[in-house]
Amino acid sequence: MAKRILTALVGAAVMGIGAHAASAATLDDVKAKGFVQCGVNTGLAGFAAPDASGNWSGFDVDYCKAIAAAIFGDATKVKYTPTSAKERFPALQSGEVDVLARNTTWTINRDTALGFNFRTVNYYDGQGFMVRKGLNVKSALELSGAAVCVQTGTTTELNLADYFKTNNLQYNPVVFEKLEEVNAAYDAGRCDVYTTDQSGLYSLRLTLSKPDEHMILPEIISKEPLGPAVRQGDDQWFDIVSWVHYALINAEDFGITQANVEEMKKSPNPDIQRFLGVEADTKIGTDLGLTNEWAVNVIKAVGNYGEIFDRNIGAGSPLKIERGLNALWSKGGIQYAPPVR
Amino acid sequence: MAIGVTNAPERSKSSGSIINDPQARGIFYQAVTVILLAVLIYWIADNTIENLKRANIASGYGFLNSRAGFDVGQSLISFTSDSTYGRALVVGFVNTLLVAVTGIITATVIGFIVGIGRLSHNWIIAKLSLAYVEVFRNIPPLLVIFFWYSGVLAILPQAREALALPFNMYVSNRGLAFPRPIPGEGSLYTLLALLIAVAATFFVARYARQKQMATGQRFPVLWTALGLIIGLPLLTFLATGAPLTFDVPVAGKFNLTGGSVVGPEFMSLFLALSFYTAAFIAEIVRAGIRGVSKGQSEAAHALGIRPRLTTRLVIVPQAMRIIIPPLTSQYLNLTKNSSLAVAVGYADLVAVGGTILNQTGQSIEVVSIWIIVYLSLSLATSLFMNWYNARMALVER
């Protein structure tokens, strides 16, 4: 605990002392230090988790890599700061991380009072419930009287309170700070129900001792648009982080993949030529403060949005989450990007 | 401190320069220190405010009156998601107090038993006490908490197979459920009788002391007190028609419903803090008893005082003077270590504050509240223990 108070204090102190050091231009700072400091989850399989040798991978991690590739042309120039739900906001506020890609729900409070900026949603999620099959529960409305495991400091915790209050159900919250602690408590039977974003439930179920004995209830009780967050007051940096996401979506739209990106440069389609920075006298990257090759570098590093999705959480991963809302707008989903023009 | 200058011997007045005047120098250095400190604090505060403004982060303590929106699992006072953040902090504070006070009492009891056990002439008792001290003193408290928490979760049965205990109590990995007494009409008299009994005991004790001082005759205070404190409320209770019902826990769909529950979070934290701190208290007690010179007990024996009375009237009062100051530190440590609650999800001040910090983003405000509360709690404990120490101190005539 002392560590956490210390983190907060140091954060506060950094905010105080760094008055003159931390300029508004995050891009210049990042270029000067040579890497992007990226706030990620402490370990959520499919989204951000380190392997045995300490290499991070996952959906959110690929966004960090994509941002690094856009700036440096090198996806390895990232350093990861694992943050708990509680630590993530002070870390971003104090400048400890440059961008927070950590299954963070975009809410008005976080966008305003907390001093952050959100624009892109890289995963449209919603809160769900997981229970043991043995309980014979078919709907969340049958959960009155249950003990519910939840991670503290999340929108999940608030939605949970609202949902049970609205439906006049009783429950007993069992609250932990770390995801691993919630997992362990649920696995040990400390609570009957586990609630978090549904994508998270699919991921967490795999880590339980007997995944087959657990089921995810059909109800989705909230909107959880997850996306990368940056500090307010630096529009250039905000634009870069947003357009990295848009580039990934546009790439999928154009059918540009990690494998065919070099080939696509020769495409006669002027939209694609402009997007990949091969149009004559283009300022497509320099206006952002990057090179004109930035979109190519991003796609070379991590592929397009669909590839990131499939590799980490979709059909090509153990999680096997459907694209659903996260399919492109042209394919029945709501993932949509403004044109590169 | 240079304030000691006032007691300094007569200063030499020969060197007229103010630079060589020790008092002037003292004042100068103190003034410089105070000014530097003030400038530093001003600079930090100013920069912090400036940065908060630049980052568009709302600040101030106004958020304490907003709706919390989250629920707290363990609460001694009523709390719903409609209560305010301020009340949530109070819930956390009460939970911290609860675990600190119960922990301090239990740690003291275990500590004294083990500490005296270490001095026992019985080989097994002495070695067991030694083993206890060495094991618990040398493990970080967080691990002790995890040990109890996973122990409680792993060993106890699942909620639906709760183990039934006598008096309608049940134990499972959701905690210990027991019937909750619901006082009926007229139970106020029982409470009143208890208060009267306590007050009466106090006067009886005073009377007994005066009588012994005056005549040397002893009065059986203990038995009278027990009779008063147990007997009087019991009689009143029966006379008013036993106005007490119980809310008994019954098996529900998921958990036992009804009754009161002591959760595994509280139990593991309470046990861990008690056992951990008791190891240190045991050593303090042993040191205190060892610190009383052997001549004291020999003199008491020479006067014909029996061994048990020697311990009670000669050894322990003197040992207490050695024990109390370090004991205070242990009490403060236990209170502060209770913030490790966050590791097992016990809703103490730090855990609840952390949730609020996250929901509102008011990190500086919440951290300042933590600091102020723990500081006040520690200072209050210190003040009480200092008062107690002064009472126990040797009165020199």
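I need the full set of residues from the stretch B:74-91 which are under 15 Å from B:VAL350 (Cα atoms), touching a helix residue (DSSP H, G or I) at 6+ places or on another chain (Cβ under 8 Å) and surrounded by fewer than 22 Cβ atoms within 10 Å (Cβ to Cβ), in order please.
Once the filter is applied, which keeps residues that are under 15 Å from B:VAL350 (Cα atoms), touching a helix residue (DSSP H, G or I) at 6+ places or on another chain (Cβ under 8 Å) and surrounded by fewer than 22 Cβ atoms within 10 Å (Cβ to Cβ), the stretch B:74-91 yields B:SER75, B:GLY86, B:LEU89.
Residue under question is B:SER274, and the condition is that it be touching a residue at least 24 places away in the same chain (Cβ under 8 Å), crowded, with 21+ Cβ neighbours inside 10 Å, closer than 19 Å to B:VAL152 by Cβ and not hydrophobic (A, V, I, L, M, F, W, C); does it hold? Let's see the steps before the verdict.
Values: touching a residue at least 24 places away in the same chain (Cβ under 8 Å): yes; crowded, with 21+ Cβ neighbours inside 10 Å: yes; closer than 19 Å to B:VAL152 by Cβ: yes; not hydrophobic (A, V, I, L, M, F, W, C): yes.
Spelling it out, B:SER274 is indeed touching a residue at least 24 places away in the same chain (Cβ under 8 Å), crowded, with 21+ Cβ neighbours inside 10 Å, closer than 19 Å to B:VAL152 by Cβ and not hydrophobic (A, V, I, L, M, F, W, C).
In this structure, does B:LEU383 turn out to be out of contact with any strand residue (DSSP E or B) (no Cβ under 6 Å at 6 or more places or on another chain), within 30 Å of A:THR154 (Cα to Cα) and in the same structural domain as B:ILE281 (by TED's automatic domain parsing)? First the steps, then the outcome.
On the way: out of contact with any strand residue (DSSP E or B) (no Cβ under 6 Å at 6 or more places or on another chain): yes; within 30 Å of A:THR154 (Cα to Cα): no; in the same structural domain as B:ILE281 (by TED's automatic domain parsing): yes.
Answer is no for this residue.
Considering only the stretch B:158-219, give the strands (runs of 3 or more DSSP E) lying wholly within it that have at least 1 residues that are within 25 Å of B:VAL250 (Cα to Cα), in contact with a strand residue (DSSP E or B) (Cβ under 6 Å, 6 or more places away or on another chain) and of a type in the set (Val, Ile, Thr). Quick ask: steps written out before the conclusion?
On the way: elements: B:163-165, B:169-172, B:175-178, B:180-183.
It comes to B:169-172, B:180-183.
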Q: Go through the stretch A:60-86 residue by residue and tally those that are more than 11 Å from chain B (Cβ to nearest Cβ), in a loop (DSSP other than H, G, I, E, B) and closer than 28 Å to B:ASN51 by Cβ.
A: 1
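Of a type in the set (A, V, I, L, M, F, W, C) and either buried (at least 24 other Cβ atoms within 10 Å of the Cβ) or within 14 Å of chain A (Cβ to nearest Cβ) (or both): which single residue out of B:LEU340, B:LEU379, B:LEU383, B:LEU394 fits that description? Steps first, answer last, please.
Values: B:LEU379 fails: either buried (at least 24 other Cβ atoms within 10 Å of the Cβ) or within 14 Å of chain A (Cβ to nearest Cβ) (or both); B:LEU383 fails: either buried (at least 24 other Cβ atoms within 10 Å of the Cβ) or within 14 Å of chain A (Cβ to nearest Cβ) (or both); B:LEU394 fails: either buried (at least 24 other Cβ atoms within 10 Å of the Cβ) or within 14 Å of chain A (Cβ to nearest Cβ) (or both).
Going through B:LEU340, B:LEU379, B:LEU383, B:LEU394 in turn, just one is of a type in the set (A, V, I, L, M, F, W, C) and either buried (at least 24 other Cβ atoms within 10 Å of the Cβ) or within 14 Å of chain A (Cβ to nearest Cβ) (or both): B:LEU340.
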Q. Within the stretch A:79-99, how many residues turn out to be surrounded by 23 or more Cβ atoms within 10 Å (Cβ to Cβ) and touching a Cys at 6+ places or on another chain (Cβ under 8 Å)?
A. 3
Q: Identify all residues within the stretch B:57-96 that are without any contact (Cβ under 8 Å) to a residue 24 or more places away in the chain, under 22 Å from the mean Cα position of the chain (by Cα) and assigned to a loop (DSSP other than H, G, I, E, B); write none if there are none.
A: B:LEU76, B:ILE77
Q: Would you mention how many residues in the stretch B:236-286 are outside any helix (DSSP H, G or I), of a type in the set (A, V, I, L, M, F, W, C) and more than 27 Å from the chain's Cα centre (by Cα)?
A: 8
Q) Does the stretch B:125-140 contain at least one residue that is within 14 Å of chain A (Cβ to nearest Cβ) and under 13 Å from B:ILE356 (Cβ atoms)? A) no
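Which one of B:SER120, B:SER150, B:SER129 is small (Gly, Ala, Ser) and buried (at least 19 other Cβ atoms within 10 Å of the Cβ)? Before you say what the answer is, go through the steps one by one.
Values: B:SER120 fails: buried (at least 19 other Cβ atoms within 10 Å of the Cβ); B:SER150 fails: buried (at least 19 other Cβ atoms within 10 Å of the Cβ).
Within the list B:SER120, B:SER150, B:SER129, the selection yields B:SER129.
Might you check whether a residue that is within 14 Å of chain A (Cβ to nearest Cβ), farther than 26 Å from B:LEU228 by Cβ and surrounded by 14 or more Cβ atoms within 10 Å (Cβ to Cβ) occurs anywhere in the stretch B:178-199? Can you show your working first?
Initially, the stretch B:178-199 is screened for residues within 14 Å of chain A (Cβ to nearest Cβ), giving none.
No - not one qualifying residue is present in the stretch B:178-199.
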Q: Just give me the residues in the stretch A:113-141 being more than 17 Å from A:TYR163 (Cα to Cα) and under 17 Å from the mean Cα position of the chain (by Cα), in sequence order.
A: A:PHE116, A:ASN117, A:PHE118, A:ARG119, A:THR120, A:VAL121, A:ASN122, A:TYR123, A:TYR124
Q. For the stretch A:113-132, which residues satisfy the criterion of being more than 30 Å from A:ALA32 (Cβ to Cβ), modelled with pLDDT of 90 or more and surrounded by fewer than 23 Cβ atoms within 10 Å (Cβ to Cβ)?
A. A:VAL121, A:TYR123, A:TYR124, A:GLY126, A:MET130, A:ARG132
(Q) Just to be sure before I move on: is B:TYR149 outside any loop (DSSP other than H, G, I, E, B), at pLDDT 90 or above and of a type in the set (Phe, Trp, Tyr) in the structure I sent? (A) no
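The values are calculated or read from the model by the stated rules, or taken from the named source; none is laboratory data. What you see is a predicted model, and the numbers here were worked out from it, not measured in a lab. Quick reminder, even Gly has a Cβ in these numbers, built from the backbone with ideal geometry, and neighbours come from all protein chains shown.
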